[in-house]
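Engineer: The following block contains the structure, expressed as structure tokens.
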Protein chains: 2
Amino acid sequence: MDVARSEVLVIGTSVACRSCQARHGVVCGALSAGQLSELGRHSLRRKVDAGCEIIAQGSENSFYSNITRGVVKLCKVMSDGRQQIVGLQFAPDFVGRPFVRESTLSAEAATDAEICVFPRNLLERMILETRELQRSLHAQALNELDAAREWMLTLGRRTAEEKVASLLHLIAAHAETATSTAIDLPLSRAEIADFLGLTIETVSRQLTRLRKEGVIRIENIRHITVPDMDALAKKISG
Amino acid sequence: MDVARSEVLVIGTSVACRSCQARHGVVCGALSAGQLSELGRHSLRRKVDAGCEIIAQGSENSFYSNITRGVVKLCKVMSDGRQQIVGLQFAPDFVGRPFVRESTLSAEAATDAEICVFPRNLLERMILETRELQRSLHAQALNELDAAREWMLTLGRRTAEEKVASLLHLIAAHAETATSTAIDLPLSRAEIADFLGLTIETVSRQLTRLRKEGVIRIENIRHITVPDMDALAKKISG
DNA sequence: CGTGATATTGAAAGGTCTCAACAGGAGTGG
DNA sequence: CCACTCCTGTTGAGACCTTTCAATATCACG
């Protein structure tokens, strides 16, 4: 965590875009070939280690980025240190808040990740020029809003066990192989606690509880398998 | 609550628009004079009593509306009856989710309110035609997203006393007279509990606690005054 | 002045947190 | 290769906060 660093890999080009996870994502999928090429010429691929901060809470937004690999957590911290993860973003999500000066939250790589960084002015110009891009960003904002409100229900009204089950369900839903029931946790126990509004001890206890109930198998700290996804879903009341 | 009803008052016209709270709000402020007139000709003013449901969770979106008076709560309910208010909307906010078939939450008048109802097809056409309208709706979505995430911090990490103080602070921030410290609660104790992820008893206890500490005065059930707004803010850890 | 709905208050139960000890794994150096 | 250390995660016991259940109070309304 303390040695987390980021490294600029290559200058993005149209060539690099062709095989990019985010090529048909929120931003790039909304651009014309010409725009994509222009954006590509001015973009940078950055490799960010787990724990590396991409955007700091309260900092000025000077760039935007696409997640091309890995998971990014959006985090709010209080002055006394309490903190809450308010969103998880997966490739090929867009990260940043165009036309807004200051970020109200921090974005940090949860896993080793790769992002494609766009200069602020260029992207803002393209948004103004391209209806489809604006529509696409609007759609992502609405999806994030739905996710945030769904999570508010979890934070406010679900028990610790339901919360943990909800998280596993959420992550399973984002796993690439939909049929597979093997879950790669992108978060440490402390991060799970910060996402669920619990302590790490409670998270740990609820995980072992789900294990003893036979709902999950804990292969190791970061790998969990779900023999019966319906049984997991039943742990999450409606 | 059980006798809540809604009543169509008048057909909106350009004349009615002139004195409307929402005239320069999210939707109407983004339209040209011609568009405003067209929208006005096809809109209805509806008066909705407190407790009246405007949009039902799981229902089809067949119309959209502007709040022209009062407060609307956005609510999610679980199959076992637990429920969570995931947002409060004040005049002149826009209510609804264009281009989405089914609502994932319910919208209900918290106070007696008035809304201006737009037909689905017309508004969706205008959004497609009018960049400024889309931009404006995008901006509201982002504001709601920020509010939702801020509230996630409250739900996940604040104590009961901090939660109640946060709610009072939120409502005071939306009060028309900024200098006044008199708060008109738009919510019952049960609704406050559903917004804060608490029980009504805990809400009640925390309110009397704040009263005994001298932070608030409870004039009556729906009216609270805050002698020292800074003292209230201090109850909400950063 | 009853009546019902909403709100407050009290006492006990329960869930989550706090504090503390222990376990497991990765990396390091002997 | 093994001991050592550090870090993360697990488990236990007791405390604390919030909930639950119950009784009482307050207010609007007929």
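The values are calculated or read from the model by the stated rules, or taken from the named source; none is laboratory data. No experiment lies behind these values; they were computed from the predicted model shown. Cβ: placed from backbone, ideal geometry, glycine included. Neighbour counts: every protein chain shown. Areas reflect the complete protein model, heavy atoms only, side chains present, ligands, DNA and RNA absent. Shrake-Rupley method; radii C 1.70, N 1.55, O 1.52, S 1.80 Å.
Engineer: Quick check on A:Gln35: is it within 12 Å of another protein chain (Cβ to nearest Cβ) and of a type outside the set (A, V, I, L, M, F, W, C)?
Structural biologist: no
Engineer: Taking the range A:205-220 only, how many residues are under 23 Å from the mean Cα position of the chain (by Cα) and near DNA strand C (Cβ under 9 Å from one of its atoms)?
Structural biologist: 1
Engineer: Scan the range B:154-175 and report the pairs whose first residue is among the acidic types (Asp, Glu) and whose second residue is more than 10 Å from DNA strand D (Cβ to nearest atom) and open to solvent by less than 20 Å² (accessible area, probe 1.4 Å), with Cβ atoms within less than 9 Å and a gap of 6+ or a chain change.
Structural biologist: Listed by first residue and then by second, the contacts come to B:Glu161/B:Leu210; B:Glu162/B:Thr154.
Engineer: Let me ask something else about it. Given the criteria away from DNA strand C (no atom under 14 Å from the Cβ) and within 28 Å of B:Val203 (Cα to Cα), does A:Met152 qualify?
Structural biologist: yes
Engineer: Additional query: Are any of the residues in the range B:39-49 within 14 Å of chain A (Cβ to nearest Cβ), crowded, with 19+ Cβ neighbours inside 10 Å and on the phi < 0 side of the Ramachandran plot?
Structural biologist: No: the range B:39-49 contains no residue that is within 14 Å of chain A (Cβ to nearest Cβ), crowded, with 19+ Cβ neighbours inside 10 Å and on the phi < 0 side of the Ramachandran plot.
Engineer: On to the next question. Taking strands (runs of 3 or more DSSP E) that fall entirely within the range B:18-78, which contain at least 2 residues that are β-branched (Val, Ile, Thr)?
Structural biologist: Ranges flagged: B:53-55, B:63-69, B:71-77.
Engineer: Which condition number does A:Lys163 fail, the rest of (1) crowded, with 22+ Cβ neighbours inside 10 Å; (2) away from DNA strand D (no atom under 16 Å from the Cβ); (3) within 14 Å of chain B (Cβ to nearest Cβ) being met?
Structural biologist: Condition not satisfied by A:Lys163: (2).
Engineer: Another question, then. Answer with yes or no whether B:Leu196 is away from chain A (no Cβ under 14 Å) and at pLDDT 95 or above.
Structural biologist: Spelling it out, it is not the case that B:Leu196 is away from chain A (no Cβ under 14 Å) and at pLDDT 95 or above.
Engineer: Additional query: Quick one: which residue in B:Arg120, B:Arg135, B:Arg131, B:Arg101 is facing chain A (nearest Cβ under 10 Å), touching a residue at least 40 places away in the same chain (Cβ under 8 Å), surrounded by fewer than 21 Cβ atoms within 10 Å (Cβ to Cβ) and of a type in the set (D, E, K, R)?
Structural biologist: None of the others qualify; the one that does is B:Arg135.
Engineer: If A:His169 meets every condition in (1) away from DNA strand D (no atom under 11 Å from the Cβ); (2) in contact with a strand residue (DSSP E or B) (Cβ under 9 Å, 6 or more places away or on another chain) apart from one, which number is that one?
Structural biologist: Just one mismatch for A:His169, condition (2).
Engineer: I would also like to ask the following. Which numbered condition in (1) within 14 Å of chain B (Cβ to nearest Cβ); (2) in contact (Cβ under 8 Å) with a residue 12 or more places away in the chain is the only one that A:Ser59 fails?
Structural biologist: (1)
Engineer: Follow-up. Does A:Gly96 satisfy the condition of being open to solvent by less than 40 Å² (accessible area, probe 1.4 Å), in contact with a helix residue (DSSP H, G or I) (Cβ under 9 Å, 6 or more places away or on another chain) and within 11 Å of chain B (Cβ to nearest Cβ)?
Structural biologist: No, not satisfied.
Engineer: Does B:Cys116 qualify as being part of a strand (DSSP E or B) and within 12 Å of the chain's Cα centre (by Cα)?
Structural biologist: Answer is no for this residue.
Engineer: Looking at the structure I just gave you, is B:Leu145 under 21 Å from the mean Cα position of the chain (by Cα), open to solvent by 10 Å² or more (accessible area, probe 1.4 Å) and within 15 Å of B:Leu88 (Cβ to Cβ)?
Structural biologist: no
Engineer: With (1) more than 14 Å from every other protein chain (Cβ to nearest Cβ); (2) surrounded by 17 or more Cβ atoms within 10 Å (Cβ to Cβ) as the list, and A:Asp112 as the residue in question, which single condition is left unmet?
Structural biologist: For A:Asp112, the exception is condition (2).
Engineer: Sticking with this structure for a sec: Considering the range A:180-224 alone, what residues qualify as being open to solvent by 20 Å² or more (accessible area, probe 1.4 Å) and away from DNA strand D (no atom under 14 Å from the Cβ)?
Structural biologist: A:Ser180, A:Thr181, A:Ala182, A:Gly214
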